[in-house]
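Take a look at the structure below.
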Amino acid sequence: MLLKILSSALRVTIAVAAILVLLWWFGMRMPGKNASKAGLLSPDEIALREELRTDVQKLAGEIGERNMWHYAQLNAAADFIEGSFSRAGLRTRRDSYQMQGQACHNVEAEISGSRPEIIVIGAHYDSVFGSPGANDNGTGVAATIALARRFAGTRPKHTLRFVAFVNEEPPYFLTGEMGSLVYARRCKERGDKISAMISLETIGYFSDAPHSQRYPSPVLGIPYPKVGNFIGFVSNIHSRPLLRRVVPLFRRHAKIPSEGAALPWFVPGVSWSDQWSFWKYGYSAIMVTDTAPFRYPYYHSSNDTPDKLDYDRFTLVVSGIEKVIQELAR
């Protein structure tokens, strides 16, 4: 009897180990040579750092909390983003919809390409109730604006769309009222050929402290660092080819460690931003993130303020994403 129990336990252990190996090989093993630590900023990156700092301060410091409970501030953020796109020489458009009798706006800037394929780079600009949202998601919006500025005046092969989404935070999160879901649905209805969507979500906090990085489960934490000094790339299984294309491009150019994972959408954290909306309509999409609540101690709190961010490493992330977009747009 004891031998049967031991034999059964051994078979279960082998099966679990095999599943973990397959999960690592298929979903977590990423190509490309990874940076071991953050590098120094170039002169251009120093200018980018100050640009990012200024825009985060505008969103989370001057405008502050921005959501349907602070509707004037939500609109002020939309105006600021639209103005920033316009001042860069980009053509802007408001993708608006009504909610509770009030107009809500996704804000878009497009650079037309010579091919029909479209690359969307986006971030939500609302903040959760009770928070000024510096990291979540002032960083994503500031990065989207900065990237749009750098591609203004270029002639890419693929059309580039830079989009700031409204109403990502609860109670609209993962519902039909989420701004990016409205946007993705309209793209599908128009027949837009979106070849890639990059969601920039909470990308400005890093730590070198031991055990500063957590994961949704102990199993997922086995192959990854326990120090929160890297930027993460996340996709669902369908978007794995895009993820495995983006990560090595980032690693080729970026001066900051990175990790990636293609996992089922229901794993905690995997679908927690606007990429989920594009998955719902069959588009390939990935999220770039510092992992938010699995690292950031001020997540969804009143202390999510501009002074909490690591602007040097935030800048290195944005600089690396710029190179990724250049390669994808070719």
**OP:** Return one number: the angle in degrees, 0 to 90 and rounded to the nearest 10, between the long axis of the Cα atoms of helix 311-328 and the longest principal axis of the Cα atoms of the chain.
**Re:** 90 degrees
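If I stretch the segment between Phe266 and Asp79 completely, what's the gain in nm (0.36 nm per residue apart, minus their alpha carbon distance), one decimal? Walk me through the numbers on the way to the answer.
On the way: separation 187, 0.36 × 187 = 67.32 nm, distance 3.46 nm.
Extending this stretch completely gives an extra 63.9 nm.
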Original post:
Looking at the chain, how many pairs of lysines come closer than 19 Å at the Cα, when each pair is eight or more places apart or spans two chains?
Top reply: 11
Original post:
Using only Cα atoms, what is the ratio of the radius of gyration of the chain to 2.2 N^0.38 Å?
Top reply: 1.00
Subject >> Angle between the chain longest axis and helix 2-23 axis [Cα atoms, degrees, rounded to 10] >> reply: 30 degrees
Original post:
Sequence-distant or interchain residues sharing an amide H contact under 5 Å with Met197, placed H: which?
Top reply: Val120, Ala285, Ile286
**OP:** For the chain, find the longest principal axis of its Cα atoms and tell me its angle to the long axis of helix 71-87, 0 to 90°, nearest 10.
**Re:** 80 degrees
Original post:
Can you list, bin by bin at 5 Å, the percent of alpha carbon pairs in the range 22-93, starting at 0?
Top reply: 3, 12, 12, 13, 14, 10, 10, 15, 9, 2
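With contacts defined as alpha carbon pairs under 8 Å and 6 or more residues apart, what's the relative contact order of the chain in percent?
Numbers: 659 pairs, mean separation 77.7, N = 330.
RCO, the chain: 24 percent.
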Original post:
Tell me, what ³J(HN,Hα) does each residue in the range 186-193 have, in order and in whole Hz, if you take phi through Karplus 6.51 cos²θ - 1.76 cosθ + 1.60 with θ = phi - 60° and put x for Gly and Pro?
Top reply: 5, 4, 5, 5, 7, x, 4, 8
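Which residues make up the longest stretch of the chain that has no chymotrypsin sites (Phe, Trp or Tyr not before Pro) in a DSSP loop with at most 12 other Cβ atoms within 10 Å? Could you put the intermediate results ahead of the total?
Details: sites that count: Trp69, Phe266.
Segment 70-265 is the longest.
Every read-out reported here was derived from the displayed coordinates using simple, explicitly stated rules and does not represent laboratory data. A quick note: this is a predicted structure, and the numbers were derived from the prediction, not measured. Positions of Cβ are generated from backbone atoms using ideal geometry, with glycine treated the same way; all protein chains shown enter the neighbour counts.
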